[in-house]
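Encoded as structure tokens, the structure appears first; notes follow it.
Each value in this text was obtained by applying a stated rule to the coordinates, not by laboratory testing. Small disclaimer: the values here were computed from a predicted structure and weren't measured. We place every Cβ from the backbone using ideal geometry, glycine too, and count neighbours over all the protein chains shown.
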Amino acid sequence: MIDRDQVLHVARLARLKLTDEEVERMAVELSAVLGHIEKIGELDLEGVEPTSHVVPVENVLREDKPRPSWPRETMLELAPESSNIGFEVPSPGA
Amino acid sequence: MSELHDLTAAEAAARVNAGELSAADLFEHYRKRAESDDLGSFLWVAGEADQTDGPLGGVPVAVKDLFCVEGVPSMAASKILEGYRPPYTATAVRRLRAAGAPVLGKTNMDEFAMGSSNENSGYGPVRNPWDRERVPGGSSGGSAASVAAGTAPWAIGTDTGGSIRQPAALCGIVGLKPTYGAISRYGMIAFASSLDQCGPLTRDVTDAALLLRHMVGRDECDSTSLDYPEEVQLPSAERLDGLRFGVWGLHEEGVEPGVLDTCKAAIGKLEELGGTVEEIDLPHAKYGISAYYVLAPAEASANLARYDGVRFGIRRGDGDLTTMYETTRAEGFGPEVKRRIMLGTYALSSGYYDAYYGTAQRVRTKIADDFRDAFKQVDFVVTPTSPTVAFKLGERTKDPLAMYLSDYFTVPMSLAGIPTISIPVGLSENLPVGLQLAGPAFSESRILDAAHALEKAVGFDGSRARG
């Protein structure tokens with residue numbers, strides 16, 4: 001139901017590098033799970049509103065007042081690589 | 001009952017507050033027990049108590065590794081967050097500390113809370129204290145095992161599709177998933193944000209009420225958190241006169257006969273205590289697993305996009321930026337997390353969104369409607385918590401779908417966002433069986449009260465797991 005090419009396409013979207021063995025296994029496992037999931041296609045859901053959230057809250061606002069944020073150093077210390085001005089990453093086109 | 005760890009947390013707190021026990025001695029007793037735990041329950045144990053003054057009497061709490069605690073390893077049991085020590089503390093943990101419950105340690109779990117056996121941890125499995133060859137359930141497996149084994153007096157965990165209730169059932173303790181929004185999710189590492197909810201795992205129902213009482217309430221750091229409408233009541237009921245219980249799930253496929261018999265005996269007790277029992281239908285609940293395994297992975301695939309080797313955790317791979325992202329994620333995430341990210345990304349990808357995500361959201365509405373209809377007839381919905389007792393390590397790891405079906409009875413309440421408790425009601429094959437009681441949103445005090453009456457009538461003895 002879901003083939004090797006689809007697995008590779010989705011892995012690319014998800015930024016996951018998969019080994020050949022993982023690609024094969026993922027195709028089998030995802031097909032089995034999707035087969036079960038497709039049972040929901042049996043239902044007549046015409047006119048049923050989708051639920052994205054069970055709690056009826058909307059427009060949760062707070063006072064528009066500045067407050068201190070995290071010091072830059074605190075956040076940069078957590079990064080695998082950083083300079084004193086920001087996070088360091090490899091070049092997108094290297 | 002001579003040992004300190006045979007006391008419930010409420011009993012220990014009462015002794016401390018009466019001046020009969022020192023909070024420091026109590027902490028040290030549990031700290032030593034947690035350090036010598038050989039079930040794999042803990043990923044980190046505190047050296048000293050950070051706060052002991054308050055109504056919770058200094059009784060230390062074991063905290064699932066999904067919660068951020070300032071300066072303490074908080075990795076969601078994932079290799080991708082190895083070494084991460086957050087600069088802030090989750091609201092639930094902060095509130096418990098303020099009420100006098102210091103952090104005892106961080107408990108093992110399925111990586112990013114994805115799993116039903118704790119075998120998906122990046123740091124090794126947890127064993128069930130009732131039988132070390134068996135799983136404790138998941139994803140809050142370390143929290144459940146530590147409370148059952150008496151290496152922690154009580155614990156908090158998180159429940160997205162059953163991750164508090166199922167391990168509580170498999171370890172013979174009480175687990176409560178509160179109403180969605182009752183407790184702030186701030187500082188809880190996100191899995192599926194519309195479903196994730198923090199809750200207690202405890203020796204008994206009173207302990208669950210006490211922990212819940214001190215965690216609920218609106219938090220401006222979580223815009224989906226809500227003002228809790230009342231103070232959570234400590235349970236006292238011994239009778240169930242006038243209460244109506246609607247039973248579901250006794251005729252589903254795959255429920256072990258021993259689990260059914262144990263649940264039926266407990267349901268008989270509900271009647272003996274004065275409750276009325278009738279079987280009800282939740283016509284769409286059987287589609288819960290299907291809807292859940294679209295919605296939760298879809299939300300997870302978005303939430304886990306942040307683990308890219310840039311701002312925190314590990315970085316792997318040489319070459320360009322994309323190669324770094326792909327290699328970091330390939331090496332940092334375990335197999336189940338990858339599977340769910342793939343499933344969620346597929347379900348949200350162009351051309352499939354309506355067929356999967358849109359449909360699953362409509363099924364969610366139907367399941368919530370089923371419960372709304374049920375609560376017009378009955379006060380509580382009653383079901384088994386898990387279709388089986390604790391299974392053997394390795395038994396289901398090769399079959400993801402079989403593992404997912406462990407959550408058959410717990411997922412519907414998660415999708416509906418309603419509070420549900422699991423309490424131990426007996427043994428089958430010498431292993432604990434849990435029964436669930438669910439009620440409408442914000443009915444926690446009533447659920448706890450009914451569960452308390454049932455707990456007293458059942459008289460479950462968990463002492464064997466404490467060795």
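The dipole here belongs to chain B: it is taken about the Cα centre, uses +1 on the Cβ of Lys and Arg and -1 on the Cβ of Asp and Glu, and is about 740 debye. What net charge do the residues around B:G246 carry, taking every other residue with its C-beta under 14 Å from that of B:G246, with Lys and Arg at +1 and Asp and Glu at -1? It works out to a net charge of -4. What translational diffusion coefficient, in µm²/s and rounded to a whole number, does the Stokes-Einstein relation yield for chain B at 25 °C and a viscosity of 0.890 mPa s, taking the hydrodynamic radius as the Kirkwood radius over Cα pairs? Calculated translational D: 113 µm²/s. Within the set A:K65/B:K79; A:K39/B:K456; B:K32/B:K264; A:K17/B:K177; B:K106/B:K392; A:K39/B:K79, which residue pairs have Cα atoms separated by over 31 Å? From the list (A:K65/B:K79; A:K39/B:K456; B:K32/B:K264; A:K17/B:K177; B:K106/B:K392; A:K39/B:K79), the Cα-Cα distance tops 31 Å for A:K65/B:K79; A:K39/B:K456; B:K32/B:K264; A:K17/B:K177; A:K39/B:K79.
For the protein assembly as shown, a simple Cβ point-charge model (Lys and Arg +1, Asp and Glu -1, everything else neutral) yields a dipole of about 700 debye relative to the Cα centre.
Within the shell of other residues whose beta carbon sits under 12 angstrom from the beta carbon of B:I423, the net charge comes to +1, with Lys and Arg scored +1 and Asp and Glu -1.
Count Lys and Arg as plus one, Asp and Glu as minus one, and take only other residues whose Cβ is under 11 Å from that of B:V93; the net charge is then +3. Expressed as a whole percent, the proportion of Cα-Cα pairs in region B:318-467 lying more than 26 Å apart is 48%. Residue order for A:W70, B:W154, B:W248, fewest other beta carbons within 10 angstrom first, comes to A:W70, B:W248, B:W154. The GluC sites (Glu not before Pro) of region B:415-467 that DSSP puts in a loop, and whose beta carbon has at most 15 other beta carbons within 10 Å, are B:E429. Partner shielding of A:36-48 amounts to 6, given as the average count of beta-carbon atoms from other chains within 10 Å of each residue beta-carbon.
In debye, nearest 20: dipole of region B:20-134 around its Cα centre with unit charges on the Cβ of K, R (+) and D, E (-)?
240 debye
Only helical runs count toward this figure. For the protein assembly as shown, summing -39,500 (n - 2.57) over DSSP H runs of n ≥ 4 and dividing by all residues gives -10500 deg cm²/dmol at 222 nm.
In plain terms, the residue of B:R165, B:R315, B:R203 with the fewest other Cβ atoms within 10 Å comes first and the most crowded comes last, giving B:R315, B:R203, B:R165. Inter-chain Cβ neighbour count for B:319-331, averaged per residue, equals 5 (cutoff 10 Å, partner chain atoms only). One chain, two ends: B:E28 and B:R311. Fully extended at 0.36 nm per residue, the span grows by 98.2 nm beyond their Cα-Cα distance. Measuring between their Cα centroids, region B:135-184 and region B:295-333 lie 28 Å from each other.
Take the eigenvalues of the Cα gyration tensor for the protein assembly as shown, scale each by 5, and report the square roots as semi-axes in whole Å, largest first. Numbers along the way, then the final one.
On the way: eigenvalues 239, 174, 98 Å².
Equivalent ellipsoid semi-axes, largest first: 35, 30, 22 Å.
Each of A:V23, B:V363 has some number of other Cβ atoms within 10 Å of its Cβ, and from fewest to most they run A:V23, B:V363. For the segment A:15-28, counting C-beta atoms of other chains within 10 Å of every residue's C-beta and taking the mean gives 4. In units of the rule-of-thumb radius 2.2 N^0.38 Å, region B:285-361 shows an alpha carbon radius of gyration of 1.26. Considering only B:G249, B:Y228, B:A76, the residue lying farthest towards the positive end of the dipole of the protein assembly as shown is B:A76, judged by Cα position with unit charges set on Cβ. Taking the inverse of the mean reciprocal distance over all distinct Cα pairs, the Kirkwood hydrodynamic radius of region B:244-395 comes to 18.9 Å. Each of B:L210, A:T19, B:A168 was scored by the projection of its Cα onto the charge dipole of the protein assembly as shown, and the greatest displacement toward the positive side belongs to A:T19; charges sit on the C-beta of Lys, Arg, Asp and Glu. The three principal axes of the Cα atoms in region A:12-94 give end-to-end lengths of 56, 47, 21 Å, sorted in falling order.
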